Structures are given as C-alpha cells and as structure tokens.
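**Student:** Quick one: the structure is below, and I'll ask about it shortly.
The values are calculated or read from the model by the stated rules, or taken from the named source; none is laboratory data. Since the model is a prediction, treat every value here as computed from it, not as a measurement. Neighbour counts run over all protein chains shown; Cβ positions are idealised from the backbone, glycine included. Ligands, DNA and RNA are excluded from the accessible area calculation, which covers all protein heavy atoms including side chains. Shrake-Rupley method; radii C 1.70, N 1.55, O 1.52, S 1.80 Å.
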Amino acid sequence: MKQVSEDFTSFSPTGDTLVLAAVASPAEQELLDDWLRQQRRDRPEARVEVLLLPAHAEDPPATVMARLVELLSADPDRSVVPVRIFWVPGGLPTRSKVVSLISGRDTYRPPELLQRRILRRDPARARVVAGEPAKVSELRQQWNDTTVAENPREFARFVIRRAILAIERVELRLLGPEYKSPRLVKPEMLASARFREGLEKIPGATVEKAGEMLDELSTGWSRFSVDLIPSLGRAIFSRGFDPNIDYDRDEIEAMRHALEIHPAVLLFSHRSYLDGVIVPVAMQENRLPPVHTFAGINLSFGFMGPIFRHSGVIFLRRKLDDPLYKYVLRQFVGYIVEKRFNLNWSIEGTRSRTGKMLPPKLGLLSYVADAYLDGRSEDILLQPVSISFDQLHETAEYAEYARGGEKTPESVSWLYNFIKAQGERNYGKIYVRFPEAVSMRQYLGEPNGPIAKDEDAKRLAMQKMAFEVAWRIVRVTPVNATGLVSALLLTARGLALTVGQLHHTFQDALDYLERKEIPMTNSALRLRTPEGVRAAVDALSGGHPVTRVDGGREPVWRIARDDELQAAFYRNSVIYAFLETSLIELALAHAARAESDWLAVFWTQVIRLRDLLKFEFYFADSATFRDNIAREMSWVPDWEEKIASGPDGIDAVLQTKR
C-alpha cells in the first residue's frame, strides 16, 4: 500500500456554516466532536451548525432529509461544508487482504468494535477531512442549471450528492490517482435535465426502465478492489509469465501527463483473455488512474459478475437493438468522459485468432465521438495500447478454431481451466507499450462544429482515427524471437534446421530490423548469438510449436504439419515489420518485366499493392508510406537511376537488397 499524502488543507469555518458530517460509529463521532471543538476555538466568531448523516449518505432517512430541507432554506449565503472520517489504509501483503476485509485489520473503514483499539495503537490511522465549501445560492444555481429541479427535497438530495463528490475529491488527493472511480452515476444521470429531455423523445421510455439499465451498466473501483484485483491479476499471469511487465518508461510518463489534462479511451490490441487483466495491472503499478473496461455480458457469469463490476468492468448486451438501451448507453458513456474517467476496450472488438490486427470496430467509439461533439469535453484522447507476449497457451485453441472447432462458453469451470493453463509452462515475458495518443479534436474539429451535423464526414473521420490508433499500435509492438523463429521455420516447409543454419539466416533479418529502427525484444536481439538461437528454439520445443529432432550428428528443429497453425499465429504477429520491404521487392520484380518507364512502373506497383492489401494489413498514411519506401530504397546508391535504366539495373538493385 502506498503512503497517504499529508498534503491537504483543513477547513476553517467563517460566517454562517452548515457542516454535513458523515459518521458511522461512536469512535468517529468522538473524532468529529474533537474537530468541531477545535474549529470553534480557532474561530469563535463563526456560527457552525452540524447535521449528522449516515456513513452511506446517498439516501438518508426521511427525518434527516426534512431537517436538511429546513437548513438549506434558512440563508442563501450560508456555506455548506461536507465532512467525513477518513481511515488511512495500513497496508497488508496481498495474501492477507481478504482476511483483513473480514477481521477489520488495516482496512479502509474498520468495524466499530476495532476502531477505538486501532486509534489507541495508531491515532494517525483516522482523520477528519473536509470538502470544498459552497454557498447554498451557488448550489441552488447548479441544481437549476443541470437538473429537472423538481422540489426542495430533490434539491437536498442534490446537495448531498455534491457533498459526497467533494469529499471523494479530497480523499482522491490523499490516496492518489489510481483510486479515481465514478460515484453516484445513476442518481446524477436520472436527475439530469439533459438526460430527461432525451428520454422524453423515446416512445415508451420511463425513468424506471432507464434506471434498471443504468444498474446493468453500473461499475466502479472500490478502494479494496484497486488494491486487490491487480494483485490477483498479476498472480494469474505470473503462473506462466515473468511477473515484471516490460514497459517503455518514457511512454508511461508522457501518458501520465496527457491523462492529467484530458479524459482518455484506452484501445488495446487483443490476443488473449489476459489483456483484460494486464491493462488494470499496468495502470495500478504505474500509479495511473484506473480504467473502466467494456466487456460482453457473456463474461458476467457466476460469482465473477459482481467481482468484475467492482473492478471497473462495464457489461454490454450483445445486441443493441433496443432504442432505450442505446440511448442510456450513449448517455452513460458521455457522463463517464465528461467526469474525466477513462474507458478501455479492445479496438479489434474480439481476440485476434490469427495474430494479425483485426479491422477496428467503431460502435462504442461513435458514442465517445458523440460525447465530444456534444461539448462534454474539450478533447478526448484515444490512447493506443500494444500488448504482446513471447508465447500464449491460447494458440492451440485458435488452431482448433481454424480446423472448425467450437468456442467453449465462459463459465466458472472455464475460468478455472484458463488459470490452470497459465502454469503449464514458462511463456516468457509480457510487453506493454503506450504510444502517443490520438486527439479527437484533431480529427473531428471543434465541439458542436460542422462535422457534428454531417454523418458521412463524421464516419470518415472516425475511420481515420481508428486506423491511426491501430497503426500506432502496430508500429510500437516489438518483434520477438518466437515470431522470427516461427516465420523462418514455416518457410522451410517442414525441413529441419540446425542452430547454425538458423543463426546464419537470422542475421539479414536482424540487420534489416535494426536499420529500420523497428523495436525488438531482448529475446530477438539475442538471436545475434548461437546461444540466443538455441534458447529461443528450446523455449518453443515440444510442439509449442517447434519440434526438436535428435538422433543425428546434432539436434535439428522443425515445425510439424499439425503445429503449422500455431506457428502461423506467431509469424503473423511480426509480419508487419517486413511489409514495406516485401512490397518493394514485388514491385521491383514487376517493373523488371515492363518495356519502359521502369521507375514510374515501380512506384505505381508499390502504391497498387498497398491499396490491394490495405484491408489485410495496416499501413502508414499514403504520404508517410511513400517516404518510408524512398528512405529504404536510399540504402541502395543511385537506386532511381538504376531502376530507370531498365531490367539490368533493377536486378542489380534486387541483388543489393538481398
């Protein structure tokens, strides 16, 4: 557990002040009384009136509500100050956190029976915190501007919600950004004038039905789950992977700065169910705000549904054919980004069973775009997230799908088997990259601008945004040894190779990758040595997907026919690194058969091949792609003159490249 910051400002009452104090036990009442006595001693001229609220003050008893209505109507210039007892977490090892929750030791709010004993042992474990004060007149103006403003009782509920959120902001500053989570989403949205206005336009829609749908979408990170769930996630993937995720620290710091300014949607590449675990772990261990992840309702099974809901998961229906549900979902997404909470889902929509990036899905992204164009945020960042693995146990499952096998439905037994499979062998390392975010403002223009009313222009801009996100993911995903070994042995078509043969063949590919400045993992860099090659093929041996063959003068390695589909997954994960050079060689071979204008034919063919394959692979935009081709061709001296000279010059260029 992190140390709680001491940097917070105590409230000093001035004039007429109403303190809304949430206490839950005699020990907390004593702390509050001591605090009030101190405030009155320090400011004897101030008039301080106190209204006690239950600890969970979202819906207080009728008598409390009636008293609050009376106090709020007394003086419009009266200041309202929320106060609560904040319990400092003591910090236990992960294995003890569940026990702590039951026993009361070192949890956020210990049971009443233990509170006095804890405070005698450590008085600093609890403190009184006060939220930012606001005048009754200011709160009433906000209420009139943002809600349907029905009656004084509803105004009192509004004040309570504002008080809770003000205290949450103070406690967030004490705990850190990783504990940021939405609160009171349902009552805030149902009271919103914007929400009610849209609801009236949907035939048959009622506030009650909308409330049920908001309950279905409800999510959040409890403070306990912020501590526990990432630790459990790490425990799951650490069964087979290195527990230390590989990051680029410069990318982390750049993203941290960006998230302090604008809300973000994290869009990750999806190769494994582990991705849903890895993103929260990455955010928590780097002390970044938590993400709220969209997932299919099929993952809300058994006891895992409630656990996931308290761990930032938002479950979506598979079919969005109900107009009311679509409206509620759209408004829910808008509320989340307006309050600057971060969303998270796979840009591909599902796991890639082939190893290649799938085309981006625009459904949820269109809801975020609507929220931006509606003026709910000055900008929204689309943060690409690349997640890659040295190996995956799911490749065997993907191979079965390719042969016509059926997907196993998610269930508790499925989850048990999935976790168990992580410990079958060593799968290597996990790599997470956060390239520069894509700005919605850059692609969609100003909020409420012309594109908001032009659906065709909006859809085109969204497609460009999504493809840019996917391209940035591809560009930073490091090439690993597994992909290179699989690609080479697949080209051998079943032929077995020695370590020496593999090592010799890898060198040209490694030279190319280094010259293109394509990121590589340490396992790929170690292919420069025979020992690194041997370590790579040994890690993949046993049909995962490489087979070692002994009995000769030295061992040899091959990919058996039954393992080719698994190997193809790994090969496809690195094939993007060689796309441009492959198109160059194909275009050169084509130009060599032309009768004239060989240089023009070369460029025409390169662009034609890009257009032909742009629905299979991701490429840089047209101008950048052309620059990349020219830059690579510049490695060959006088390449333009040689191509323009005809077939002999083209053959010379090809020989130089090879």
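**Student:** Heavy-atom accessible area per residue, region 178-261, 1.4 Å probe: how many Å²? Write down the numbers at each step before the final one.
**Tutor:** Details: 3950 Å² over 84 residues.
Accessible surface, normalised per residue, equals 47 Å².
**Student:** Would you mind working out the magnitude of the charge dipole of the chain relative to its Cα centre, with +1 at each Lys and Arg C-beta and -1 at each Asp and Glu C-beta, to the nearest 20 Debye? Intermediate values should be presented prior to the final figure.
**Tutor:** Numbers: 87 positive and 89 negative charges, 331 e Å.
The dipole magnitude comes to about 1600 debye.
**Student:** Moving on to the next point. Which percent of the accessible heavy-atom area of region 369-498 goes to carbon and sulfur, probe 1.4 angstrom? Working shown, then result.
**Tutor:** Values: 2860 of 5640 Å².
After summing per-atom areas, the C and S share lands at 51 percent.
**Student:** Another one. Give the Rg/Rh ratio for the chain, taking Rg as the radius of gyration of the Cα atoms and Rh as the Kirkwood radius, to two decimals. Let's see the in-between values first.
**Tutor:** On the way: Rg = 29.9 Å, Rh = 28.5 Å.
Using Cα coordinates only, the ratio equals 1.05.
**Student:** In addition: Return the lysines within reach of K135: Cα separation strictly under 23 angstrom, same-chain partners fewer than 8 residues apart disregarded; answer none if there are no such residues.
**Tutor:** Once the sequence-local lysines are set aside, what remains near K135 is K339.
**Student:** When the accessible area of region 544-655 is computed with all protein chains present and a 1.4 Å probe, what percentage of it is carbon and sulfur?
**Tutor:** Values: 2980 of 5900 Å².
Roughly 51 percent of what the probe reaches on region 544-655 is carbon or sulfur.
**Student:** Using a 1.4 angstrom probe on heavy atoms only, work out the carbon and sulfur share of the accessible area of region 23-68 in %.
**Tutor:** Of all accessible area on region 23-68, carbon and sulfur atoms account for 53 percent.
**Student:** Which residues does the label zone of N522 cover in region 402-442, counting backbone N under 11 Å from a point 7 Å along Cα→Cβ?
**Tutor:** Flagged as within label range: 429.
**Student:** Determine, for each peptide in 402-411, 607-616, the mean count of other beta carbons within 10 angstrom over its residues, then list the peptides with the highest first.
**Tutor:** Details: 402-411: 10.7, 607-616: 13.1.
Put in order of decreasing packing, that is 607-616, 402-411.
**Student:** Which angle between 0 and 90 degrees, to the nearest 10, do you get for helix 481-491 versus the longest principal axis of the chain when only C-alpha atoms count?
**Tutor:** That helix lies at roughly 40 degrees to the long axis.
**Student:** Counting only helical runs of four or more DSSP H residues, what would the 222 nm mean residue ellipticity of the chain come to if each run contributes -39,500 (n - 2.57) and the total is spread over all its residues?
**Tutor:** Numbers: 29 runs with 330 residues, N = 658.
For the chain, the value works out to -15500 deg cm²/dmol.
**Student:** While we're looking at this one, here's another question. What lysines could a cross-link reach from K642, if we take a straight Cα to Cα line under 19 Å and drop same-chain neighbours fewer than 8 places away?
**Tutor:** Leaving aside lysines fewer than 8 places away in the same chain, those within reach of K642 are K657.
**Student:** Also, quick follow-up: Please give the helix 112-121 orientation as an angle from the longest Cα principal axis of the chain, in degrees from 0 to 90, rounded to the nearest 10.
**Tutor:** Computed tilt is about 80 degrees.
**Student:** Also, quick follow-up: How many angstrom lie between the C-alpha centres of region 368-387 and region 159-173?
**Tutor:** Here the answer is 25 Å between Cα centres.
**Student:** Excluding ligands, DNA and RNA, what is the solvent-accessible area per residue of region 552-602 at a probe of 1.4 Å, expressed in Å²?
**Tutor:** On the way: 2570 Å² over 51 residues.
Per-residue value: 50 Å².
**Student:** Would you mind telling me the antiparallel percentage of the DSSP bridges in the chain, rounded to 5?
**Tutor:** Working: 19 of 51 bridges.
DSSP beta bridges in the chain are roughly 35 percent antiparallel.
**Student:** Considering only Cα-Cα distances, which of the following residue pairs are longer than 24 Å: K319/K361; K209/K326; K201/K361?
**Tutor:** On the way: K319/K361 15 Å; K209/K326 13 Å; K201/K361 28 Å.
Cα-Cα > 24 Å for K201/K361; rest within.
**Student:** Let me ask another. For region 309-386, what Kirkwood radius comes out of the mean inverse Cα-Cα distance, in Å? Before the final figure, lay out each step's value.
**Tutor:** On the way: mean 1/r = 0.0716 Å⁻¹.
Here the Kirkwood hydrodynamic radius works out to 14.0 Å.
**Student:** Just the number please: accessible area per residue for region 307-441, 1.4 Å probe, all protein chains included, in Å².
**Tutor:** Spelled out: the 1.4 Å probe surface of region 307-441, per residue, equals 40 Å².
**Student:** Now for a separate question. What do you get for the angle between helix 622-633 and the principal long axis of the chain? Use alpha-carbon atoms, 0 to 90 degrees, nearest ten.
**Tutor:** 40
**Student:** Between D16 and A254, what is the label-to-label distance in nm when each label sits 7 Å out along the Cα-to-Cβ direction?
**Tutor:** 5.5
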